[in-house]
1. Could you please find all residues in the range 92-128 being β-branched (V, I, T) and over 9 Å from the mean Cα position of the chain (by Cα)?
2. Can you find even one residue in the range 72-83 that is part of a strand (DSSP E or B), at pLDDT below 95 and either in contact with a helix residue (DSSP H, G or I) (Cβ under 8 Å, 6 or more places away or on another chain) or surrounded by 11 or more Cβ atoms within 10 Å (Cβ to Cβ) (or both)?
3. Take the range 11-55 and flag every residue that is within 19 Å of A103 (Cα to Cα), in contact with an Asp or Glu (Cβ under 8 Å, 6 or more places away or on another chain) and β-branched (V, I, T).
4. Going residue by residue through the range 5-12, is there one that turns out to be on the phi < 0 side of the Ramachandran plot and assigned to a loop (DSSP other than H, G, I, E, B)?
5. Filter the range 84-97 for residues that are exposed (fewer than 15 other Cβ atoms within 10 Å of the Cβ) and in contact with a Lys or Arg (Cβ under 9 Å, 6 or more places away or on another chain) and give the result.
6. Among the residues in the range 98-112, are any exposed (fewer than 13 other Cβ atoms within 10 Å of the Cβ), assigned to a strand (DSSP E or B) and among the acidic types (D, E)?
7. Here are I60, I43: which of them is surrounded by 13 or more Cβ atoms within 10 Å (Cβ to Cβ) and either more than 16 Å from the chain's Cα centre (by Cα) or modelled with pLDDT of 90 or more (or both)?
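The values are calculated or read from the model by the stated rules, or taken from the named source; none is laboratory data. Just so it is clear, the structure is predicted and the values come from calculations on it, not from any experiment. Ideal geometry is used to build each Cβ from the backbone, glycine not excepted, and the neighbour counts take in all protein chains shown.
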Amino acid sequence: MADEAQIIYEYVNGSTISFKTNDLSITYNRLFMTVTSRPDGNIYVDDPGKAQRDFTFSSIISGANMNTLNTVQTAAITYDATYPRIQKIYFAGGTTLTNIEIAITSLVAKDMGNGFWQVNITMTEYTA
């Protein structure tokens, strides 16, 4: 079983939703990078250095947090230089990532009963 991670999603200043997950996946993408094989047999890489990460995970949250998440995602979110963001990701051993500006690009919620919801979320970094 994977170590548990805690993801704190801050959608406006001081307003957060916390997720605990044991299946966090972080995909690193190099935007605009091209690898070219030329007739001379050499391989050339052109990389302007723009990177983007996708954070994908599932978590079980309370109905109150699901209501807030639903309200936030269906509202007209203002994307600025700070929010929404992953305020912090706590990994096992105390390692953290902080202040990553993101957009939730996928949200699937399943009612688990007894006031709990299973959510599957993809958060995409929108600054590099």
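1. Answer for the range 92-128, where residues must be β-branched (V, I, T) and over 9 Å from the mean Cα position of the chain (by Cα): T95, T96, T98, V108, V119, T127.
2. Filtering the range 72-83 for residues part of a strand (DSSP E or B) gives none.
Looking for residues that are part of a strand (DSSP E or B), at pLDDT below 95 and either in contact with a helix residue (DSSP H, G or I) (Cβ under 8 Å, 6 or more places away or on another chain) or surrounded by 11 or more Cβ atoms within 10 Å (Cβ to Cβ) (or both), one finds none in the range 72-83, hence no.
3. Those that are within 19 Å of A103 (Cα to Cα), in contact with an Asp or Glu (Cβ under 8 Å, 6 or more places away or on another chain) and β-branched (V, I, T): T16, T21, I26, T27.
4. To start, the set of residues in the range 5-12 that are on the phi < 0 side of the Ramachandran plot comprises 5-12.
Imposing the further condition that a residue be assigned to a loop (DSSP other than H, G, I, E, B) reduces the set to none.
Looking for residues that are on the phi < 0 side of the Ramachandran plot and assigned to a loop (DSSP other than H, G, I, E, B), one finds none in the range 5-12, hence no.
5. Initial filter on the range 84-97 (exposed (fewer than 15 other Cβ atoms within 10 Å of the Cβ)): 91-96.
The one that is exposed (fewer than 15 other Cβ atoms within 10 Å of the Cβ) and in contact with a Lys or Arg (Cβ under 9 Å, 6 or more places away or on another chain): T96.
6. Among the residues of the range 98-112, at least one is exposed (fewer than 13 other Cβ atoms within 10 Å of the Cβ), assigned to a strand (DSSP E or B) and among the acidic types (D, E), which makes the answer yes.
7. Values: I43 fails: surrounded by 13 or more Cβ atoms within 10 Å (Cβ to Cβ).
Residue meeting the stated conditions: I60.
Residue-wise test of (1) touching a residue at least 24 places away in the same chain (Cβ under 8 Å); (2) aromatic (F, W, Y); (3) under 30 Å from L69 (Cα atoms); (4) not in a strand (DSSP E or B).
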| site | (1), (2), (3), (4) |
| --- | --- |
| F19 | yes, yes, yes, no |
| I26 | yes, no, yes, no |
| P39 | no, no, no, yes |
| Y44 | no, yes, no, no |
| P48 | no, no, no, yes |
| D54 | yes, no, yes, no |
